[in-house]
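Throughout, read-outs are computed from the coordinates displayed, never taken from laboratory work. Everything numeric here is computed off the predicted structure, so don't read it as measured data. Quick reminder, even Gly has a Cβ in these numbers, built from the backbone with ideal geometry, and neighbours come from all protein chains shown.
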Amino acid sequence: MDIKAYIVLALILFTIGVTGVLIRRNAIIIFMCIELMLNAVNLLLVAFSKMHAMSAVAKASPTFASDAQIFVFFIMVVAAAEVTVGLSIIMLLYRNTRSVDVNFLNRLKY
Amino acid sequence: MDKNLLIACVPLLPLLGFLITGLGRNMLPKNLSAVIACGTILASFIISIMLFSTVRSGGPLNVEYFTFIQLQQFDLSFEFKVDQLTSLFLLVITGIGFLIHVYSSSYMHEENSADFSKYFSYLNLFVFSMLLLVMGGNFVVMFIGWEGVGLCSYLLIGYWYKNQDYTAAAKKAFVMNRIGDLGFLLAIFWFIAKVGSVNYDTVFSAESLKALSSTDITGITLLLFVGATGKSAQLPLFTWLPDAMAGPTPVSALIHAATMVTAGIYMIARANVLFSMAPFTMSVILIIGMATMLLAASIALKQNDIKKVLAYSTVSQLGYMFIALGVGAYTAAVFHVITHAFFKALLFLGSGSVIHAMGGEQDMRNMGGLKRYMAVTHITMLIGCLAIAGMPPFAGFFSKDEILANAFGASPVFWGLGVLGAMMTAFYMFRLYAMTFHGSFRGTAHQQSHLHESPAAITIPLMVLAVLSVLGGFIGIPEVFAHGAHWLNNYLQPVFAPSAPYLTKHTISHATEYVLMAVSVGLALVAILYAWSKYKNWSKESEKANTGIAAVLENKWYVDELYQQVIIKPINSISKVFHQVIELKGIDGIVNGIGSLVHYGSRQLRWLQSGQVGAYVLLMVLGILAFFIIQLFL
């Protein structure tokens with residue numbers, strides 16, 4: 001498949017993520033949008049990795065082809081850890097305020 | 001005793017006295033601090049006599065104590081040189097210093113114990129500095145003493161520091177002295193740059209004089225002379241001396257008449273070779289001395305404050321000394337320093353005795369007829385007046401005559417102006433004498449009931465100084481009276497011999513000299529008689545408001561006002577501009593501006609910190625977009 005399709009898909013996913021973060025007020029949805037952005041990047045990494053695996057450079061070095069794919073795993077692990085912390089914060093937030101609206105939490109200003 | 005130690009003791013004893021009376025001022029009783037202060041000076045005086053006899057028989061003494069400053073190409077040692085010139089100054093400083101210390105112990109007795117001790121500690125510190133000045137073996141040691149005496153002068157003028165006018169006078173003296181000191185300091189630097197040494201023997205040796213070009217010599221001597229004008233109260237830096245009379249009268253006698261103000265003459269006499277090689281500087285000295293002498297003498301004619309008359313008279317007599325230096329008659333200058341120290345100390349102490357009896361009154365218009373109450377003061381003051389007026393055979397006659405004869409040798413015009421000055425001197429001194437001691441008493445009845453002769457501690461120094469004022473002139477009997485009888489000339493011969501080749505020797509015939517003497521004494525006598533007839537029965541009713549030239553004289557030629565307009569006002573307005581524009585607007589503006597800029601900026605920027613997460617993210621996204629745009633399109 002053509003690499004362009006992957007790039008367009010990743011771009012759409014990333015844009016949806018950014019837009020979601022910008023316009024939504026629900027903390028959980030913002031969180032999901034952040035994940036969306038991360039996964040858009042992951043998708044791109046895998047796509048480029050696959051594309052370059054056929055190049056001459058990759059043939060000379062056997063491990064080169066899988067570098068980006070392994071990197072994606074790292075990103076997913078880090079994202080999972082981040083989600084743990086983030087969700088716990090949102091949990092505590094909800095317990096204290098009975099709300100997950102981020103605009104409600106504007107006390108840290110000035 | 002070891003010679004080095006003996007010489008060191010001369011200044012160290014007064015220093016010790018200063019430390020004891022100064023540090024123990026809250027504990028020592030008055031009598032004890034007076035005894036300590038007088039005792040140390042007396043001991044110094046005795047050692048000075050011993051040194052004098054050593055120098056007289058064995059020539060100059062040079063001692064080096066330690067290396068003071070060590071640099072790569074320049075070593076400065078702390079050294080003393082006691083030669084004929086120094087030994088004479090030592091005798092004058094410690095001798096008269098001792099008499100004035102004794103006098104002070106009675107004069108200052110009304111002060112409280114701490115102030116009394118403080119006074120004596122300052123006085124001892126002054127004697128120490130003055131001794132350092134004349135004993136120093138190089139210009140730097142002299143400069144240390146030079147600054148020290150300036151400091152003590154400042155401290156003692158402002159001794160009654162609670163009076164604003166007195167502290168202002170002290171500041172004036174200090175600042176004016178500093179202007180002169182700058183010249184002296186620059187001259188020292190010049191020496192170091194050109195000769196690489198400041199030691200007298202090295203600097204005045206034939207090789208180093210050869211190394212100096214005539215521009216160097218003229219420059220150095222002019223700068224040294226600037227220093228001398230400050231310390232010795234010559235035009236244009238003389239106005240501090242009359243104001244210095246704010247200090248206690250014994251201080252005026254010691255510092256502002258007998259010793260400190262002669263430091264400039266000592267310095268020039270010390271550097272006589274250099275000055276003799278700079279004819280331009282010599283003429284500058286002559287002109288300045290002449291102008292100062294006439295100006296100060298004319299001001300003294302119309303002053304009513306007894307101490308102010310004496311102060312201007314001091315400035316005028318210092319002018320005579322500079323005239324002598326200007327015509328190359330160094331011995332005559334030193335001679336006049338010595339005799340002047342005798343009779344001017346006497347006059348000041350006598351005026352102090354009068355002021356003491358009058359309960360602090362200094363205005364001669366409120367005195368009169370004091371001879372009935374104060375016999376000793378009256379007689380001694382009369383001797384002092386006769387001496388300063390140049391009447392034979394008193395001390396002033398010999399020294400003034402020698403100066404006038406030398407001035408005649410240079411030009412009869414100088415002689416004529418000198419005699420004019422001498423006439424004015426005779427006039428104002430006998431005006432002072434007649435107004436103070438003759439006529440009827442013009443003070444209040446309260447003052448009259450308190451009139452009394454001063455105690456022995458005051459009258460004995462007066463009598464000693466009176467004897468010296470009578471006999472002091474005989475150390476310099478002129479050649480016309482007896483061949484080779486000029487003891488001082490013979491004694492100082494080794495000091496001034498090196499400059500002889502550079503000076504043109506004027507010889508005037510004995511007949512001329514007799515005529516000159518007779519004319520100057522005769523004219524002074526006329527001035528005395530005129531003053532006597534005019535002021536013998538002076539009364540307040542006969543006083544007329546001064547007009548014309550008399551008003552100008554009474555107002556001291558408006559010199560202070562002139563300085564006020566020409567120097568102080570412009571400096572004040574420049575300072576005002578600097579303060580208003582550069583200080584407040586410029587420097588403060590920058591500092592405060594940075595502060596308020598940060599403050600204002602942060603006030604504006606903090607609106608960004610809205611607490612809205614969405615807004616932060618939007619900004620972040622916009623920022624990233626901006627980066628992309630810059631990366632891709634710019």
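General remarks:
- Under 16 Å from the Cα of A:Lys50 - lysines, other chains or at least 8 residues apart: A:Lys4, A:Lys59
- Computed over segment B:446-537, Kirkwood Rh from alpha-carbon pairs, angstrom: 17.9 Å
- All-pairs alpha carbon distance profile, chain A, 5 Å steps from 0, percent: 2, 11, 15, 17, 16, 12, 9, 7, 5, 3, 2, 0
- Cα-based helix-to-principal-axis angle, B:487-496 vs chain B, degrees rounded to 10: 30 degrees
- Paramagnetic label zone (point 7 Å from Cα along Cα-to-C-beta, B:Tyr600; backbone N under 14 Å) in segment B:561-593: B:589-593
- With R₀ set to 41 Å, the beta-carbon distance separating B:Tyr563 from B:Ala375 gives a calculated FRET efficiency near 0.45.
- At full extension, B:Ile287 and B:Thr512 could sit 78.6 nm farther apart than now, given 0.36 nm per residue minus the alpha carbon distance.
- Over all distinct Cα-Cα pairs of segment B:278-405, the Kirkwood formula returns a hydrodynamic radius of 15.3 Å.
- Per-residue Karplus couplings for segment B:429-445, computed as 6.51 cos²θ - 1.76 cosθ + 1.60 with θ equal to phi - 60°, are listed in order as 5, 7, 5, 4, 4, 5, 5, 7, 9, 10, x, 9, 5, 10, x, 7, 5 Hz, Gly and Pro entered as x.
- Using a Förster distance of 30 Å, the FRET efficiency for A:Val78-A:Arg98 (Cβ separation, nearest 0.05): 0.45
- Seen against the Cα atoms of chain B and their longest principal axis, helix B:456-471 is set at about 70 degrees.
- Three semi-axes describe the equivalent ellipsoid of segment B:1-138; taken as square roots of 5 times the Cα gyration tensor eigenvalues and ordered largest first, they are 30, 18, 11 Å.
- Inter-chain shielding of B:612-623 (mean C-beta neighbours from other protein chains, 10 Å cut-off): 4
- Residue exposure proxy: A:Cys33, B:Cys385, ordered by other Cβ atoms within 10 angstrom of their Cβ from fewest to most, comes out as A:Cys33, B:Cys385.
- For segment B:258-353, the square roots of the Cα gyration tensor eigenvalues, ordered a ≥ b ≥ c, give a/c of at least 1.5 with a/b no greater than b/c, which places it in the oblate category.
- On Cα atoms only, tilt of B:164-194 relative to the major axis of chain B in degrees: 80 degrees
- Equivalent ellipsoid semi-axes - Cα gyration tensor, chain B, angstrom: 52, 33, 27
- Across segment B:11-21, coupling constants 3J(HN,Hα) worked out from phi with the 6.51/-1.76/1.60 Karplus curve, θ = phi - 60°, read x, 5, 4, x, 4, 4, x, 4, 5, 5, 5 Hz, and Gly and Pro carry x.
- Residues whose amide H comes within less than 5 Å of that of B:Tyr65, counting only those at least five positions distant or on another chain, are B:Phe78, B:Glu79, B:Phe80 (H built at 1.01 Å from N in the peptide plane).
- Binned Cα-Cα distances of segment B:395-517, short to long, each 5 Å bin given as a whole percent: 2, 8, 12, 16, 16, 13, 10, 8, 6, 5, 3, 1, 0
- For segment B:95-234, the equivalent ellipsoid built from the Cα gyration tensor has semi-axes of 36, 17, 10 Å, listed from largest to smallest.
- Taking the convex hull of the alpha carbon positions in segment B:562-633 and averaging its projected area over all directions gives 8.5 nm².
- At 1.567 mPa s and 4 °C, Stokes diffusion of segment B:175-252 via Kirkwood alpha-carbon radius, µm² per second: 94 µm²/s
- 5 Å-binned pair-distance histogram of segment B:483-634 (Cα, whole percent): 2, 5, 4, 6, 6, 6, 5, 6, 7, 6, 5, 4, 4, 4, 3, 3, 3, 3, 4, 3, 4, 4, 1, 0
- Within a Gaussian network of chain A (alpha carbon springs, distance under 10 Å), most fluctuating of A:Ser88, A:Ser49, A:Ser61: A:Ser61
- Hull-based mean projected area of the protein assembly as shown, where the convex hull spans the alpha carbons, in square nanometres: 57.5 nm²
- For peptides B:528-539, A:36-47, B:444-455, B:575-586, sequence by mean Cβ density within 10 Å, most packed first: A:36-47, B:528-539, B:444-455, B:575-586
- Relative compactness, segment B:387-461, computed as alpha-carbon Rg over 2.2 N^0.38 Å: 1.59
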